[in-house]
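Structure, as structure tokens:
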Amino acid sequence: MTPLRRRVSRAVAGAIVGLVGVLALPASPAAAHAGLSSSNPKDGATVQNLPGEVVLEFTEPVGEPEVEVTASDGTVVSDGDPEALGATVTEPLATDGPSGTYTIAYRVVSADGHPVSDELTFDVRGGPPPGDSVDTASSGDSSDEGFLGSHVAHFAIAGAGLLVGVALVGLGLRARS
């Protein structure tokens, strides 16, 4: 192998190692998703009566909020559309609901465009027995697309870089022969 070919092969190998290194770096803080920092009522809390609203506080401003509060018997107690003001989402609730465990299911879109969803629960001690309400409508799907689904583009770029690297190494080895 001539000295020129060795230098070219080393340069190609260095470029491949550099590309793989850049793709393996963690995402910058600007690509971080919003996280729930607090809620009222708090996750797992017990309250005497159903509150008039649920308040969710996030780590950054969010948009497109979807919130559904449901009693253990399936009664939906969300009363109107949630309102997002910066990092705070407020969902009004019906004036009363049955005693028992309530689930707060939420989905918001973080500043980087990725959906974030989760569920919290709280218990209500007072109120009518479960089953006295009749509103059991559902507001739709609040599922999260998951880690893999939200990073498809990142994996595609990494895969393309890997294929280019393998092709360049293959060409370098072929040129040696």
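Scanning region 42-67 for residues that are more than 17 Å from the chain's Cα centre (by Cα) and touching a residue at least 60 places away in the same chain (Cβ under 8 Å) turns up K42, D43, G44, A45, T46, V47, Q48, N49, L50.
I want to confirm something. Restricting to region 153-164 and keeping residues that are modelled with pLDDT under 75 and surrounded by 10 or more Cβ atoms within 10 Å (Cβ to Cβ), which single residue is nearest to A34 (Cα to Cα)? Working first, answer last.
Kept after step one, since they are modelled with pLDDT under 75, are these residues of region 153-164: 153-156.
Checking the rest, the ones that are also surrounded by 10 or more Cβ atoms within 10 Å (Cβ to Cβ) come to 154-156.
Values: H154: 19, F155: 21, A156: 23 Å.
Among residues in region 153-164 that are modelled with pLDDT under 75 and surrounded by 10 or more Cβ atoms within 10 Å (Cβ to Cβ), the one nearest to A34 (Cα to Cα) is H154.
Suppose we keep only residues that are within 12 Å of V67 (Cβ to Cβ) and without any contact (Cβ under 8 Å) to a residue 40 or more places away in the chain within region 89-116. Which one would you say is surrounded by the fewest Cβ atoms within 10 Å (Cβ to Cβ)? The qualifying residue surrounded by the fewest Cβ atoms within 10 Å (Cβ to Cβ) is T103.
Would you pick out the residues in region 62-78 that are part of a loop (DSSP other than H, G, I, E, B) and surrounded by 15 or more Cβ atoms within 10 Å (Cβ to Cβ)?
Filtering region 62-78 for residues part of a loop (DSSP other than H, G, I, E, B) gives 72-75, 77.
Within region 62-78, S72, D73, T75, V77 qualify.
The values are calculated or read from the model by the stated rules, or taken from the named source; none is laboratory data. Remember, it's a predicted structure, so these values are computed and weren't measured experimentally. Every residue, glycine as well, gets a Cβ built from its backbone with ideal geometry; the counts of neighbours run over all protein chains shown.
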